[in-house]
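S.K.: Shown below is the structure under consideration.
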Amino acid sequence: MSQISPLTSQISKLLIANRGEIALRIMRSAREMGIKTVAVFSEADRTALHVRYADEAICIGPAASSKSYLVGHKIIEACKQTGAEAIHPGYGFLSENAAFAREVKAAGLILIGPTPEAMEIMGNKLSAKAAALKYDIPMVPGTEEAITDIEEAKQRAIEVGFPILIKAAAGGGGKGMRIVEQAEDFEEQMHLAVSEAISAFGDGSVFIERYVTSPRHIEIQVLGDMYGNIVHLFERECSVQRRHQKVVEEAPSAVLTTEIRAKMGKCAVDVAQAVNYVGAGTVEFILDENLDFFFLEMNTRLQVEHPVTEMITGLDLVKEQIKIARGEVLSIKQEDLKIIGHAIELRVYAEDPLNNFLPDIGTLQTYKTPKGNGVRVDDGFEEGMEIPIYYDPMIAKLITYGANREEAIERMIRAIDEYDITGIQTTLSFGKFVMQHEAFTSGKFDTHFVNKYFNADSLKNDHKEEALLAAIATVLLLKDQKVTSSAVAEIAVNNWTKNRKNY
Ligand code: MV4
């Protein structure tokens, strides 16, 4: 039962400062709660689904995000114009921007998210680690402060042991990260890391950590209210990634024991506690071969992969975020939380896995989503729509749920086969490759999965089989007609190119 707390505020209209699948995802929860929704959109998104779904919609500028979705004052202005009392920033764009969070507050509006102070501390890996030092949180050995003296840092690197990893404090997406194998390369790599960090983040602060060579990336979902109550909603395994872009996520992880899960969960709650965390957040860890884990950083937003946590806990994270922002006391107790079943998410990108994942733009000529038991599709497109070039190439998130990991995988394969997309190339076939790979099914994989096992040929064989079947079918069809074998071959190839699923 939820308690009535003294500080609740009314949210009758919510502005969603985002686009695509996540804007729709947020609006659906708001609508279920009886909250009116306001969409903002760029000129490229006039006909987008999030605009049509919302109760009201305001154009905030040209296609480029820097002129629309990233312009804080236009979004605050849209709230004033429509009477929205709160803003949900989703992920990306302004979601982790502390300056924006302050402007929203100053305008008398509610930002669905943590305080600007928490965003700021967690926005820097060094200040995040410093905050976590208050508690007994395992961290990778290295330097606790930004490196100012290269010789001193090199001595520390020798103490810690090579290989070491240089990281940018302001970093994200693997930028400004460099592996150093031996002491004599240290100085050169340090200079390269600093200049990369300056050009990417305008901040050249770097630090070092021992390089964990084969880690798994495991993160813990947390929720905190305004009264210091914090719970964790277990882990998500996100090791299947390509160039720091996650491709497959699942919950729970195939390798965590109940004991490690509880320890990691407690650490995540402590990290959140260290910054008086309010709202939904994610604490990121790496896990080594001995199942020892280390805190890396905290993301102060709703994450793309949040649905897998929703599936295994039965919670609606967006609703929880809104209730927290209204000032309600967390209605969830840690001891009541339980993992039920297994969920997997595949990110469907408009990228060609046969061509080095080159972004593929164009029109969704066919777009039919899979349905049925245990299948959830979070998307923002319809058949006939164009994928705009201005934004993230993610078309959809395909999420499957099962009683256990095997069933979730089987459902994912079934759902991938049912998904019918033509007009653009997508990562669906790559997802099927992952689901069928022994390293994935056995659970024995790490962040190197894609580099280690995937090349375009692994998919081409799949297509060869399809081509052969098409050829046989064509021969059977034409066997009564007088045609040459080369003509049969040509027709077969044509049939195959026309009919093959564009995935
Ligand atoms: C590491 C690591 C190994 N050792 N830190 C990459 C992005 C940033 N979030 C942290 N990252 C890593 N930090 C130490 N000390 C390996 C990675 C890493 C990684 C982590 C999570 C998911 C994917 C990754 C891919 C490459 C490297």
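S.K.: Here are Gln189, Gln241: which of them is without any contact (Cβ under 8 Å) to a residue 24 or more places away in the chain and within 16 Å of the ligand (Cβ to nearest atom)?
M.R.: Sole residue among the options that is without any contact (Cβ under 8 Å) to a residue 24 or more places away in the chain and within 16 Å of the ligand (Cβ to nearest atom): Gln189.
S.K.: Only one residue in Lys74, Lys67, Lys36 is buried (at least 17 other Cβ atoms within 10 Å of the Cβ), basic (Lys, Arg) and more than 30 Å from Val308 (Cβ to Cβ), so which one is that?
M.R.: Lys74
S.K.: Mind listing just one residue for me: the one in the stretch 170-184 that is of a type in the set (D, E, K, R) and surrounded by 15 or more Cβ atoms within 10 Å (Cβ to Cβ) and, of those, farthest from the ligand (Cβ to nearest atom)?
M.R.: It comes out as Arg178.
S.K.: Condition test on Val255, is it in contact with a Gly (Cβ under 7 Å, 6 or more places away or on another chain) and either within 16 Å of the ligand (Cβ to nearest atom) or open to solvent by less than 10 Å² (accessible area, probe 1.4 Å) (or both)? It would help to see each step written out before you state the result.
M.R.: Details: in contact with a Gly (Cβ under 7 Å, 6 or more places away or on another chain): yes; either within 16 Å of the ligand (Cβ to nearest atom) or open to solvent by less than 10 Å² (accessible area, probe 1.4 Å) (or both): yes.
Yes; evaluated as a whole, the condition is true for this residue.
S.K.: Could you check, for the stretch 111-125, whether at least one of its residues is more than 16 Å from the ligand (Cβ to nearest atom), assigned to a strand (DSSP E or B) and open to solvent by less than 10 Å² (accessible area, probe 1.4 Å)?
M.R.: no
S.K.: Next question, about the same structure. Just need a number here: residues in the stretch 408-449 that are open to solvent by less than 10 Å² (accessible area, probe 1.4 Å) and within 16 Å of the ligand (Cβ to nearest atom).
M.R.: 4
S.K.: Looking at the stretch 450-460, is at least one residue small (Gly, Ala, Ser) and at pLDDT below 95?
M.R.: Checking the stretch 450-460: at least one residue is small (Gly, Ala, Ser) and at pLDDT below 95.
S.K.: Restricting attention to the stretch 126-151, report how many residues are touching a Leu at 6+ places or on another chain (Cβ under 9 Å) and in a helix (DSSP H, G or I).
M.R.: The total comes to 2.
S.K.: Would you mind stating whether Ala408 is touching an Asp or Glu at 6+ places or on another chain (Cβ under 8 Å), closer than 30 Å to Ala54 by Cβ and hydrophobic (A, V, I, L, M, F, W, C)?
M.R.: Against the criterion (touching an Asp or Glu at 6+ places or on another chain (Cβ under 8 Å), closer than 30 Å to Ala54 by Cβ and hydrophobic (A, V, I, L, M, F, W, C)), Ala408 does not qualify.
S.K.: Filtering the stretch 261-310 down to residues that are among the acidic types (Asp, Glu) and within 20 Å of the chain's Cα centre (by Cα), which residue is farthest from Asp378 (Cα to Cα)?
M.R.: Glu297
The values are calculated or read from the model by the stated rules, or taken from the named source; none is laboratory data. Here the structure is a predicted model, which means the values were calculated and not measured. Heads up, the Cβs are rebuilt from the backbone with ideal geometry, glycines too, and the neighbour counts pull from every protein chain shown. All accessible areas refer to the heavy atoms of the entire protein, side chains included, with ligands and DNA or RNA removed. Shrake-Rupley method; radii C 1.70, N 1.55, O 1.52, S 1.80 Å.
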